[in-house]
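The values are calculated or read from the model by the stated rules, or taken from the named source; none is laboratory data. Here the structure is a predicted model, which is why all the values come from computation and not from measurement. For neighbour counting, all protein chains shown are included, and Cβ atoms are generated from backbone atoms with ideal geometry for every residue, glycine included.
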Amino acid sequence: MKPHLWLALRVGLAFPHSSKTLVINSPFSENLVASCRDTLRAYEPSLTEQGVLWTKEKLCARLRNPRFLYGLHATSRLLLISSPRIRRGVPYTLLCGFFPRNGLRPSHRDVREVTRAACQQWGRPLFVYPGVHNAIPKLPGWKLPHWLRPSTMLVQLRDFQPEKHALKFDRYQPLDFDFA
């Protein structure tokens, strides 16, 4: 295994704020699976993006994880999947994954709106986002320096074919690994 990518660990506070720009803002449940499939299709990642390819079916299967609760929050340009978590007795909202709508570039306001909606839904203003996403203009929160991080959040890869071009992730988020 070779070190490949140090994930940025971002933290911040987002206080409740009503927004009329949200088109989705609800906890994920088995009752929503049929309607979610249609909605999630519009937010599937582009085939040109380097990252885990999340189809609507794979995403619904991932969100059915009985171990965690998930929420869906979306504006017309950006979907966020969130989850309430507790670490060392501190409750926080995990921002599991941002998904821009196909062909649209989300704004900083979209990012702020879905982040606030997630924190409001779970009643936890502290949020954490460990990941990278090049299609998001400004990720929420502040990047923690390495010395302050509770974990290295290091992505390791096996390089069986070093002669081929190196893999570079445009997007790697908690939904892509076991953290979410």
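A few notes on this one:
- Selection of region 63-102 for residues being within 14 Å of residue 32 (Cβ to Cβ) and touching a residue at least 40 places away in the same chain (Cβ under 8 Å) yields 69, 70, 71, 72, 73, 74, 79, 81.
- Selection count, region 26-54, where residues are farther than 15 Å from residue 65 by Cα and outside any loop (DSSP other than H, G, I, E, B): 9
- Residue ID - nearest to residue 135 (Cα to Cα), chosen from residues in region 60-77 that are in contact with a Lys or Arg (Cβ under 9 Å, 6 or more places away or on another chain) and surrounded by fewer than 24 Cβ atoms within 10 Å (Cβ to Cβ): 77
- Options 41, 10: the member that is touching a Phe, Trp or Tyr at 6+ places or on another chain (Cβ under 6 Å) and basic (Lys, Arg): 10
- Taking the criterion of being among the hydrophobic types (A, V, I, L, M, F, W, C) and at pLDDT 80 or above, the residues of region 1-50 that qualify are 9, 11, 13, 14, 15, 22, 23, 24, 28, 40, 42.
- Test result for residue 93, modelled with pLDDT of 90 or more, touching a His at 6+ places or on another chain (Cβ under 9 Å), among the hydroxyl-bearing types (Ser, Thr, Tyr) and more than 22 Å from residue 50 (Cβ to Cβ): no
- Of the residues making up region 90-107, those that are farther than 20 Å from residue 121 by Cβ and either touching a helix residue (DSSP H, G or I) at 6+ places or on another chain (Cβ under 8 Å) or of a type outside the set (Lys, Arg) (or both) are 100, 102, 103, 104, 107.
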